[in-house]
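Report on one structure; see the data block that follows.
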Amino acid sequence: MPKFIYTGEDDNGKPVEATVTADDRFAVYDIARAAGHKVSGIKAAGAGWKKFLDLEKINYLINRVSQDELVMMSRNLGSMLKAGLTVTRALSVMERQSTNPKLKGVIKKVVERINNGDQFYLALKEFPDVFSDLYVAMVKAGEEGGSLAESLQTLSLQMERAANLTKKIKGAMIYPSIVISVMVVIAILMMMFVMPQITEVFKGMDKELPATTQFLITTSDFFAGNVALVLSGLVLLVIGVVSFFRSRVGRIASSWLVIKLPIIGTMAKETNSARTARTLASLLDSGVDVIQAISITEEVVQNVFYKKVLKEAGVRVEKGTALSEVFVERTDLYPVLVGEMILVGEETGSIAGMLKELALFYETEVERKTKDLSTIIEPLLMVVIGAGVGFFALAMIAPIYSISDGLGG
């Protein structure tokens, strides 16, 4: 007879899992009912090598929870809690609706922990790869303040705004990145396979070649004669660049470079200002104390120089200094408006409201400048492509003119 594993709850509501031998799945329900268990799931027990191949566990490990999925989960949870559902009931609905194995598994474990007596935010804290410090802090504030539904709605809005801003910036950079990458690949392939056939003609000339032509011939000979070395070098270069920017020195260098570049630097400052204001506003609005809110915001921003400013702000606020003071002093990173708006918020007792307006203003500014950036990038790319094609054409045409002049003489 086949074996089955069923999961469910006993009479006290505690989770149970049992392996039974039965004719079919229907018989499993009878066995569980006789034991006083309520069945929530049944699966065939593995045998032999199959027990080592747990597809459910593999799917759980290889999948990731996207920001969009978290936004939808938070928004729907908030709506269901407002409608009167309990947290566990709402989470169970989300588990059934989700198609992501990772998210389904996480929600299931969160429900189990809540059923075992944990608070919602403590259950979420066990999964830092899915729920950030910001997420946990806002859920904790909502849970302790009796406004969990409102906190989840605020959280979903905050994550959605942040995700949309990031997508717009990445979207503006995808086009030039693809064009430049394709240009580099085409140039390398031409040097390896096309140029050697063209330059053979020039090598047979008894004339001194122009410097541009000689440069192309030398480069082509090296690329064609060392294909494996060139390809290996390119792979190592990419790995080296990625590793460098992930290192501490690389993060500092990239953080400094981004805020110093023309046009990009202004956008980076406004993006970090929007992210700082939006995160602080969401946390303060949910009831998180200002010191913890600053600490969590420090984790949210990625630029190391902005992290230092927020760390300094946390230390000074803890000593009794006004929050606006640090931002007023650091106009090299935060625009003047940031410090002034926070100062007005402190004077009127509505810091969270002022921060929301500030975030909305800079998010709108970044969106507008992102569109403008796309307009600027296209002609610049045309110039770069034209320069590359022109250099190649000049290097190829110059020797031909040299031959023509020699024949004419």
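The figures follow:
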item: Lone qualifier among F392, F305 - being touching a Leu at 6+ places or on another chain (Cβ under 8 Å) and farther than 30 Å from V136 by Cβ; result: F392
item: Candidates L280, L257, filtered to the one that is under 27 Å from the mean Cα position of the chain (by Cα) and either within 28 Å of G142 (Cβ to Cβ) or assigned to a loop (DSSP other than H, G, I, E, B) (or both); result: L280
item: Pairs, first among the charged types (D, E, K, R) in segment 125-138, second assigned to a helix (DSSP H, G or I), C-beta under 6 Å, six or more apart; result: K125/V136; D133/I296; D133/E299
item: Close pairs (8 angstrom Cβ cut-off, 6 or more residues apart or separate chains): over 26 Å from R278 (Cβ atoms) and in contact (Cβ under 8 Å) with a residue 24 or more places away in the chain in segment 366-379, part of a helix (DSSP H, G or I) and open to solvent by less than 40 Å² (accessible area, probe 1.4 Å) anywhere; result: I377/A172; I377/P176
item: Filter result (farther than 16 Å from K356 by Cα, open to solvent by less than 70 Å² (accessible area, probe 1.4 Å) and either assigned to a helix (DSSP H, G or I) or touching a helix residue (DSSP H, G or I) at 6+ places or on another chain (Cβ under 8 Å) (or both)) within segment 316-326; result: R316, V317, A322, V326
item: Options V301, V344, V309; residue that is under 23 Å from K170 (Cα atoms) and free of Cβ contacts under 8 Å to residues at least 60 places away in the same chain; result: V301
item: Subset of segment 84-118 (residues that are of a type in the set (S, T, N, Q) and under 17 Å from G13 (Cβ atoms)); result: T86, T88, S92, N115, N116
item: The lone exception for Y334 - which of (1) surrounded by 15 or more Cβ atoms within 10 Å (Cβ to Cβ); (2) among the aromatic types (F, W, Y); (3) assigned to a helix (DSSP H, G or I) it fails; result: (3)
item: Selected residue (criterion: farthest from E95 (Cα to Cα)) from residues of segment 14-43 that are assigned to a loop (DSSP other than H, G, I, E, B) and open to solvent by 30 Å² or more (accessible area, probe 1.4 Å); result: D23
item: Test: residue in segment 89-110 that is part of a loop (DSSP other than H, G, I, E, B), of a type in the set (S, T, N, Q), farther than 25 Å from I291 by Cβ and open to solvent by less than 50 Å² (accessible area, probe 1.4 Å); result: yes
item: Positions within segment 232-268 being more than 22 Å from Y306 (Cα to Cα) and open to solvent by less than 50 Å² (accessible area, probe 1.4 Å), in sequence order; result: G233, G240
item: Filter result for the condition that a residue is open to solvent by 70 Å² or more (accessible area, probe 1.4 Å) and among the aliphatic types (A, V, I, L, M), over L229, L310; result: L229
item: Number of positions in segment 217-258 that are at pLDDT below 85 and over 26 Å from I186 (Cβ atoms); result: 0
item: Residues that are at pLDDT 85 or above, open to solvent by less than 40 Å² (accessible area, probe 1.4 Å) and among the hydrophobic types (A, V, I, L, M, F, W, C), drawn from segment 355-406; result: L355, L358, A359, V366
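Yes or no, residue by residue, for (1) modelled with pLDDT under 90; (2) in contact with a Gly (Cβ under 9 Å, 6 or more places away or on another chain); (3) of a type outside the set (K, R):
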position	(1), (2), (3)
N76	no, no, yes
L91	no, no, yes
Q97	yes, no, yes
L124	no, no, yes
S151	yes, yes, yes
E160	yes, no, yes
K167	yes, no, no
M173	yes, no, yes
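The values are calculated or read from the model by the stated rules, or taken from the named source; none is laboratory data. Everything numeric here is computed off the predicted structure, so don't read it as measured data. Backbone-built Cβ (ideal geometry, glycine too); neighbour counts: all protein chains shown. Areas reflect the complete protein model, heavy atoms only, side chains present, ligands, DNA and RNA absent. Shrake-Rupley method; radii C 1.70, N 1.55, O 1.52, S 1.80 Å.
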